[in-house]
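Input: a single structure, listed below in structure tokens.
The values are calculated or read from the model by the stated rules, or taken from the named source; none is laboratory data. Remember, it's a predicted structure, so these values are computed and weren't measured experimentally. Virtual Cβ from ideal backbone geometry, glycine too; neighbours counted across all protein chains shown. Quick note on the areas: whole protein, heavy atoms, side chains included, nothing else; ligands and nucleic acids left out. Shrake-Rupley method; radii C 1.70, N 1.55, O 1.52, S 1.80 Å.
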Protein chains: 2
Amino acid sequence: MNNYRSPLNDLRFVLHHVLKAPEVLATLPAHAETGAEIIDAVLEEGGRFCDQVIGPLYQEGDKGCRFENGGVTTPKGFRAAFQAFTEGGWSGLTAPAEEGGQGLPYVLDGAFKELINGANVAWGTFPLLGHGAVEALRHYGEDWQKQVFLAPLVDGRWTGTMCLTEPHCGTDLGLLKTKAEPLGDGRYAISGQKIFITAGEHDMTDNIVHLVLARLPDAPAGVKGISLFVVPKFKVDREGNVGERNAVACGSIEHKMGLHGSATCVMNFDAAEGWMVGAPNKGLSAMFVMMNSARLGVGLQGLGLIERAWQNALAYAYDRLQMRAAGGAAYPDKPADPLIVHPDIRRMLLTCRAFAEGGRVLALYATLQADVAHNAGDEAARAEADTVVSFLTPIVKGLLTEAAVECAYHAQQVYGGHGYIAEWGMDQIARDARITTIYEGTTQIQALDLIGRKTLMANGAGLKLVLGRIAAFCKENAGNAALAEFLPVLAKRAEQWGELTQRIGAKAAGDANVAPAAAYDYLFYSGYLTLAWCWAQRVAAAEASSASAAFKQAQREVARFYFAKLLPRADYHAAAIDAGPAALMALADADVGVQS
Amino acid sequence: MNNYRSPLNDLRFVLHHVLKAPEVLATLPAHAETGAEIIDAVLEEGGRFCDQVIGPLYQEGDKGCRFENGGVTTPKGFRAAFQAFTEGGWSGLTAPAEEGGQGLPYVLDGAFKELINGANVAWGTFPLLGHGAVEALRHYGEDWQKQVFLAPLVDGRWTGTMCLTEPHCGTDLGLLKTKAEPLGDGRYAISGQKIFITAGEHDMTDNIVHLVLARLPDAPAGVKGISLFVVPKFKVDREGNVGERNAVACGSIEHKMGLHGSATCVMNFDAAEGWMVGAPNKGLSAMFVMMNSARLGVGLQGLGLIERAWQNALAYAYDRLQMRAAGGAAYPDKPADPLIVHPDIRRMLLTCRAFAEGGRVLALYATLQADVAHNAGDEAARAEADTVVSFLTPIVKGLLTEAAVECAYHAQQVYGGHGYIAEWGMDQIARDARITTIYEGTTQIQALDLIGRKTLMANGAGLKLVLGRIAAFCKENAGNAALAEFLPVLAKRAEQWGELTQRIGAKAAGDANVAPAAAYDYLFYSGYLTLAWCWAQRVAAAEASSASAAFKQAQREVARFYFAKLLPRADYHAAAIDAGPAALMALADADVGVQS
């Protein structure tokens, strides 16, 4: 009863018309050959895989994984779909040819990930974290480790995990206790318990490669004493021979609110054999390499879920007859009018559309910048794009996952009582979406990252670049009549964004709580501003395209809706920021809950 | 792992100090004897029942009801708890003595309902709808119907239901198809299918009394052709003798997102024997009598869930150690600082506290006004109070249920990954809360009710009374130093509330979509304004009380937080209202989803 169709038309519109991805990629040596035809062909094939193979398993997946005798059985059909995925070569989409990959750009991978997550977000978690493991090994692994682990991870014979969280620490990895004892021959014995390990155990592949944070015996306390280890489920020697079962086992799987098709495992390491990846006590940097890739990936989970919520809510709003339009029957031949005639139903639907289509530009812009950051011939261009991706990553993750929660909420609400019933699948979207604002760094952590490391500590480098690009966009479109109503608002808002940031910076110097108290609202303020830019870009691109008049008008009207009804939320966030930390911090810890 | 303790201290504070309930009740002939001691004794006993009997069953209840062979088995312990409930005399708390009730005021029942919903909202649905049935029978039933049905419903030997929704209609009852054929002897044969019937079938009582909306054979189409019938599960004759099984049966129970402990039934009526309640084709008015009581009840579900979310999140924030305070270690002897030191954790906690404590004033104020509306000696006083309750009901229902969804979200977020795991129970709060914005009229329906029937169509009668009371409060406290920072803001906001309403009214005359397009934002605007008044009242009451300095300060600081960080949301809603309906309605129905 819950459907999904890959939004290929809009993906093509965004990639070709809004972002002009083929033109940007043409400037990158590694992707000079990735023309529009290849992009379209991959999207077409990827869409088919998502719509026909994993999409139909979405509600089945909600029945969950089973844990028995230390093993995890994935939902019916998941294993076969994974086989189809690897056989189709989807696993190594962005990996270079020498690792056995397709060498395609990140932006195309981002588009494909959106489709996977729209079609079946839980299924998508099985391949997802392998990418992070690959990134970590590629950057920090010794040659033999790359030789042994990369190929099977890239082609999907094996999957990967990120083993960070422990029962007493998630956000605060400095507290972690898992130990790594050197065995003298380059091997380490890893002991400890990791929790919330996505795809820590499953029945899809022969081996699973765990990337594990642990402490050496002499490690300093805190985050400066964390090292990274590779620990395969079945032991692998330096020649790549797979041996006996390693001493790592799944102790149980969590009963979660949603994402039931994804196995969230307690992993027990009992002197499991592993090798260090990178330098001793430098595990956190390696972890961040995995994490940044994973954060954009979770932002794309948000995007996929928004699209799924929106598609179903829209279909229901056309189908369900209930009450008459305020001005009188709009469809007098029907017993009642369809929901779509009601203003507040439209508010919820347009909110979903604004986040889905605007968010698509945002997320794919970030992934396209990742391509530039990795592959531009010019070092300065690489550095600049890298700064932009770093700045946008917490916005993509924070805004699109929170928007997913909001849009899932709206979509359920459009369904009324039926939105609460499992059969219709809308509650599953809401339950699945709920984890996205938590894992791979909560919204709070994204917010601190954005305002701290990515802004105040970087002297606003990322913001300045983005503001520069907004200014360039405004200048370029100065004579564009279709944008006349939007550009002055966008320019004014961009100016306010800079001023707000400076106000925070000025106050932050004198009070350590200013930045963390402003962080959450700053994330959303920045998100709404960025999305305004995305919507202005969509209008400009639609206008310049040969799309239908109806589509052009729809883009203009959704942009108007966004500017009139959603962008003003930025003012609320600015007001909350300007109120300062006092309202949050005045009470002593013990008095936050004091009763009469 | 998920706890609840009846917030008796704050209930006493609200009833005695903020609302001065004993003084108000003393002016009502029916409740002149309900002094502070009785209130406290009932609260104390009620709190004990909730904390000791139903509270511990909260997570067990999430395992759900079972449907087998047409029967519904409620979760372990639910039946025994219901027995304890009726034996304790809780079922008939507000019913008059002549019906076998305790004759206590609505405000006390409201307080008790908050406790029930905080302790176990799903369990609370079993007694909840009996109250609506009682109200309908009391107002519209024939004498013999009152004689036969009221006593067992009041004392809890039987429970009641409201059978309104059908598969093709929920909000739009004009579409309903269930038929009632007269049998010639005063009896009717009811046939049709009703869905989403809370407690439609269960194992708690011997009989269940269904109040069913259906159409007579010659009924006009639409809502003017709906009549109300009483249809017991086991037939009852005019003398009250219980006979054979009636032809009404539960066909299945729904698999829902949450509220698993509550049986949501498909009820099939197959020429079931029933009697008309009230006049032919006047069922909708009778339905509204049930509905209004149920709507306040659902608002109190929201309140109970907010309190539960807040209590657990607060405890976790004190307990969980993660990261250091921004200004350096606050608890250097611990391996990390508790979450409570982090500004954004406090933002989430204080939001919960602001809604819980402010919402308590709002909800209990409304129920106290219901007492005045029913029992004041003076007719004008009754009418005035009735107008106020009518105006506040959609605000209580709309705001407190939406706030419950929001606060459950915050509380989960405070728990991080553990908030997503069933064991901790936070996800259950979120899942349970999600239905409250849907049933008994969605938030959208509350919003239309508030802006339409309760405001524009009533010439602003309710708003004027509330604004008058706010003005009186400001005047009364003009010299109160503790309120000096709040009153000018409150007075200014109240003025804006009136102006905004007039702007909407003026525009609504020319465009039927103006009011429904503004409705949602107007509901929240009104809600935030009302809550600002509630918070000002709390500060005034705390200041005037002999409470601890810490409590007084906490009230001031949470009020400051509310005024600085939550009340500005009203501006966003005002901006969205002033943007008008164009942004929502410009696109043709078919183009809302048009793609390139």
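Just a yes or no: is a residue in the range B:355-370 of a type in the set (S, T, N, Q), away from every other protein chain (no Cβ under 14 Å) and either surrounded by 24 or more Cβ atoms within 10 Å (Cβ to Cβ) or more than 30 Å from B:Leu465 (Cβ to Cβ) (or both)? The answer is yes; a qualifying residue exists. Filtered by the rule that a residue be touching a Cys at 6+ places or on another chain (Cβ under 9 Å), aromatic (Phe, Trp, Tyr) and without any contact (Cβ under 8 Å) to a residue 40 or more places away in the chain, the range B:304-354 gives no residues.
Going by the conditions given, is B:Thr442 closer than 25 Å to A:Tyr409 by Cβ, in contact (Cβ under 8 Å) with a residue 40 or more places away in the chain, more than 14 Å from chain A (Cβ to nearest Cβ) and among the hydroxyl-bearing types (Ser, Thr, Tyr)?
On the way: closer than 25 Å to A:Tyr409 by Cβ: yes; in contact (Cβ under 8 Å) with a residue 40 or more places away in the chain: yes; more than 14 Å from chain A (Cβ to nearest Cβ): no; among the hydroxyl-bearing types (Ser, Thr, Tyr): yes.
Taking the combined requirement at face value, the residue does not satisfy it.
Filtering the range B:1-15 to residues that are open to solvent by 10 Å² or more (accessible area, probe 1.4 Å) and among the charged types (D, E, K, R) leaves B:Arg5, B:Arg12.
Determine which member of the set A:Val405, A:Val414 is within 12 Å of chain B (Cβ to nearest Cβ) and open to solvent by 20 Å² or more (accessible area, probe 1.4 Å). Quick ask: steps written out before the conclusion?
On the way: A:Val414 fails: open to solvent by 20 Å² or more (accessible area, probe 1.4 Å).
Result of the check over A:Val405, A:Val414: A:Val405.
In summary, B:Asp109 fulfils each of the numbered conditions (1) open to solvent by 20 Å² or more (accessible area, probe 1.4 Å); (2) in a helix (DSSP H, G or I) with the single exception of condition (1).
Looking across the range B:173-191, just one residue is surrounded by 21 or more Cβ atoms within 10 Å (Cβ to Cβ) and farther than 25 Å from B:Lys146 by Cα, and that is B:Leu176.
When the test is whether a residue is more than 16 Å from A:Val231 (Cα to Cα) and in contact with a strand residue (DSSP E or B) (Cβ under 7 Å, 6 or more places away or on another chain), A:Thr125 passes it. Quick one: how many residues across the range A:439-458 are of a type in the set (Val, Ile, Thr) and buried (at least 24 other Cβ atoms within 10 Å of the Cβ)? The qualifying residues number 2. Determine whether the range B:387-408 contains at least one residue that is more than 25 Å from B:Ala519 (Cβ to Cβ) and free of Cβ contacts under 8 Å to residues at least 60 places away in the same chain. Within the range B:387-408, not a single residue is more than 25 Å from B:Ala519 (Cβ to Cβ) and free of Cβ contacts under 8 Å to residues at least 60 places away in the same chain.
Residues that are part of a loop (DSSP other than H, G, I, E, B) and over 16 Å from A:Asn268 (Cα atoms) were ranked within the range A:154-169; the one that is least open to solvent (accessible area, probe 1.4 Å) is A:Gly156.
How many residues are farther than 22 Å from A:Asn120 by Cβ, in a helix (DSSP H, G or I) and either within 14 Å of chain B (Cβ to nearest Cβ) or open to solvent by less than 50 Å² (accessible area, probe 1.4 Å) (or both) if we restrict to the range A:16-70? Residues in the range A:16-70 being farther than 22 Å from A:Asn120 by Cβ, in a helix (DSSP H, G or I) and either within 14 Å of chain B (Cβ to nearest Cβ) or open to solvent by less than 50 Å² (accessible area, probe 1.4 Å) (or both): 11 in total.
Within the range B:256-284, being closer than 18 Å to B:Val231 by Cα and either of a type in the set (Gly, Ala, Ser) or without any contact (Cβ under 8 Å) to a residue 12 or more places away in the chain (or both) holds for B:Ala271, B:Ala272, B:Gly274, B:Gly278, B:Ala279, B:Gly283. Considering only residues that are out of contact with any Asp or Glu (no Cβ under 7 Å at 6 or more places or on another chain) and either at pLDDT below 95 or among the β-branched types (Val, Ile, Thr) (or both), which ones fall in the range A:298-326? A:Ile306 - this is the single residue of the range A:298-326 that is out of contact with any Asp or Glu (no Cβ under 7 Å at 6 or more places or on another chain) and either at pLDDT below 95 or among the β-branched types (Val, Ile, Thr) (or both). Set side by side, the residues A:Leu104, A:Leu137, A:Leu128 differ, and just one is under 30 Å from A:Pro7 (Cβ atoms), aliphatic (A, V, I, L, M) and assigned to a helix (DSSP H, G or I), which is A:Leu128.
Within the range B:513-529, which residues are more than 17 Å from B:Thr443 (Cα to Cα) and among the polar types (S, T, N, Q)? I'd like the intermediate steps shown before the answer.
Looking only at the range B:513-529, we keep the residues that are more than 17 Å from B:Thr443 (Cα to Cα), and these are B:513-514, B:529.
Hit for the range B:513-529 is B:Asn513, nothing else.
Of all residues in the range A:220-245, those being among the polar types (S, T, N, Q) and open to solvent by 10 Å² or more (accessible area, probe 1.4 Å) number 1.
Which one of B:Val230, B:Val134, B:Val154, B:Val209 is of a type in the set (A, V, I, L, M) and either over 19 Å from B:Ala286 (Cβ atoms) or touching a His at 6+ places or on another chain (Cβ under 8 Å) (or both)?
On the way: B:Val134 fails: either over 19 Å from B:Ala286 (Cβ atoms) or touching a His at 6+ places or on another chain (Cβ under 8 Å) (or both); B:Val154 fails: either over 19 Å from B:Ala286 (Cβ atoms) or touching a His at 6+ places or on another chain (Cβ under 8 Å) (or both); B:Val209 fails: either over 19 Å from B:Ala286 (Cβ atoms) or touching a His at 6+ places or on another chain (Cβ under 8 Å) (or both).
That would be B:Val230, the only listed residue that is of a type in the set (A, V, I, L, M) and either over 19 Å from B:Ala286 (Cβ atoms) or touching a His at 6+ places or on another chain (Cβ under 8 Å) (or both).
A count restricted to the range A:559-577 and to residues that are more than 7 Å from chain B (Cβ to nearest Cβ) and in a helix (DSSP H, G or I) stands at 8.
Could you grab me the full set of residues in the range A:578-593 that are within 7 Å of chain B (Cβ to nearest Cβ), part of a loop (DSSP other than H, G, I, E, B) and open to solvent by less than 30 Å² (accessible area, probe 1.4 Å)? Spell out how you get there, then give the answer.
Of the range A:578-593, the ones within 7 Å of chain B (Cβ to nearest Cβ) are A:579, A:581, A:583-587, A:589, A:591-593.
Pick out the ones that are also part of a loop (DSSP other than H, G, I, E, B) and you get A:579, A:581, A:586-587, A:592-593.
Correct list: A:Pro581, A:Leu587, A:Val592, A:Gly593.
When both residues are 6+ apart or on different chains and their Cβ atoms are under 6 Å apart, which pairs have a first residue that lies in the range A:170-197 and is at positive phi, and a second that is small (Gly, Ala, Ser) and surrounded by fewer than 18 Cβ atoms within 10 Å (Cβ to Cβ)? Going by the 6 Å Cβ cut-off, there are no qualifying pairs.
The set of residues from the range A:319-348 being under 16 Å from B:Thr442 (Cβ atoms), more than 8 Å from chain B (Cβ to nearest Cβ) and assigned to a loop (DSSP other than H, G, I, E, B) comprises just one member, A:Arg320. Would you confirm, using the coordinates I've provided, whether B:Ser546 is open to solvent by 30 Å² or more (accessible area, probe 1.4 Å), assigned to a loop (DSSP other than H, G, I, E, B), modelled with pLDDT of 95 or more and not acidic (Asp, Glu)? Yes; evaluated as a whole, the condition is true for this residue.
Of all residues in the range A:482-532, exactly one satisfies the criterion of being buried (at least 22 other Cβ atoms within 10 Å of the Cβ) and not in a helix (DSSP H, G or I), namely A:Phe486. Scanning the range A:459-481 for residues that are outside any helix (DSSP H, G or I) and either in contact with a Cys (Cβ under 9 Å, 6 or more places away or on another chain) or crowded, with 16+ Cβ neighbours inside 10 Å (or both) gives A:Gly460, A:Asn477, A:Asn480.
Of the residues in the range B:71-80, how many are outside any helix (DSSP H, G or I) and open to solvent by less than 60 Å² (accessible area, probe 1.4 Å)? Adding up the residues that qualify gives 6.
In the range B:276-298, the count of residues that are part of a helix (DSSP H, G or I), open to solvent by 10 Å² or more (accessible area, probe 1.4 Å), within 11 Å of another protein chain (Cβ to nearest Cβ) and in contact with a strand residue (DSSP E or B) (Cβ under 9 Å, 6 or more places away or on another chain) is zero. Within the span defined as the range A:548-558, every residue fails to be small (Gly, Ala, Ser), touching a residue at least 24 places away in the same chain (Cβ under 8 Å) and within 9 Å of chain B (Cβ to nearest Cβ).
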